[in-house]
1. Which net charge results when you count Lys and Arg as +1 and Asp and Glu as -1 among the other residues whose beta-carbon is under 10 Å from that of Gly42?
2. Within region 109-261, what percent of beta bridges assigned by DSSP are antiparallel, to the nearest 5?
3. Report Rg(Cα)/(2.2 N^0.38 Å) for the chain, keeping two decimals.
4. What do you get when you divide the Cα radius of gyration of region 109-261 by 2.2 N^0.38 Å, with N the number of residues?
5. Assign unit charges at the C-beta atoms only (+1 for Lys and Arg, -1 for Asp and Glu), then state the dipole size of region 51-145 relative to its Cα centre in Debye, rounded to the nearest 20.
6. With a sphere of radius 12 Å drawn around the Cβ of Val120, what net charge do the other residues whose Cβ falls strictly inside it have (Lys, Arg +1; Asp, Glu -1)?
7. When the chain is fully extended, how far beyond the present Cα-Cα distance does Glu167 get from Arg112, taking 0.36 nm per residue of separation?
8. Where does each of Ile246, Ile27, Ile35 land when they are ranked from fewest to most other beta-carbon atoms within 10 angstrom?
Amino acid sequence: MSDTCGINMPHTAQPKGGFVSPKGRNIPEPIKRQIRQRCGFGCVICGLPLYEYEHVREWSIVKQHNPEDMTLLCPTHHAEKTRGLLPVSDVLAANGSPHNLRLGISEAFPLRYSGDSCLVNVGSNRLMHDFTRDAVIPLLTIRGCPVVRVKKQDGRLLLSLRIFDKEGNLLLDVNDNELIFSVDSWDVELVGRRLTIREGLGAILAQVEFYAPSAIVINRGIFAYDGFQVRVAADHIFLEQYGIRISKSSARMNGGAGFNFN
Ligand SMILES: [Zn+2]
């Protein structure tokens, strides 16, 4: 595994009590993950899943990455702290009781979908919809419940989807462009446009890429409703009920519906 700067950091390179990076401020992935887990995968103050890894005490003093001395802050709260407007005592208090862990779910993150068309790629299957007027279009329906849906309303394009784990627990809920995830997962990470939910090291439960303003790619996940499960892998979707695999299908619509499973 490599960190965001592309430098390989073997797990064994982590001494007890902290890690001094040979390149300075690069933080090894295992340490980042520990910080994410302890902080509820979001800014400890507001819960936003768009954050920076922050030393509670100044880097110039500590010069090592000790996960216990680090926290997650969104760009706004990071900037407030840097300017001295956010007291370190407030950061420490939030670090001891992170926003998302108190709520059990993340703070809602707004997705910026807009325009007249939407492409949903589910396990290599492409569903494209062109809107000619306001409408609600179910793209993936299970037993009458739309689990992936796009909506054109008052000129806005709104995306909704719900991804579950194997036990039927909701992991990811996008409701009209508002993204919320459960903090019960082992790891949740938003890197660039890609949200990844893991159940263990290298074990991805769900992975979605948000190509705003008009596309979404679902690489991994489970859509479930009323006992019916649709499993998504990178190159296919699998209908548990019937043992059927669907891959590389393509449809472009300006009405009607997408996949409908009963
Ligand atoms: Zn924040």
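1. 0
2. So the antiparallel bridges in region 109-261 amount to around 85 percent.
3. That works out to 1.12 for the chain.
4. 0.98
5. 220
6. +2
7. Gain in length upon complete extension: 16.7 nm.
8. Ile246, Ile27, Ile35
Values in this text are rule-based calculations from the coordinates and carry no lab data. All figures in this text were calculated on a predicted structure; none of them were measured in a lab. In this analysis, Cβ positions are derived from the backbone assuming ideal geometry, glycine residues included, and neighbour counts consider all displayed protein chains.
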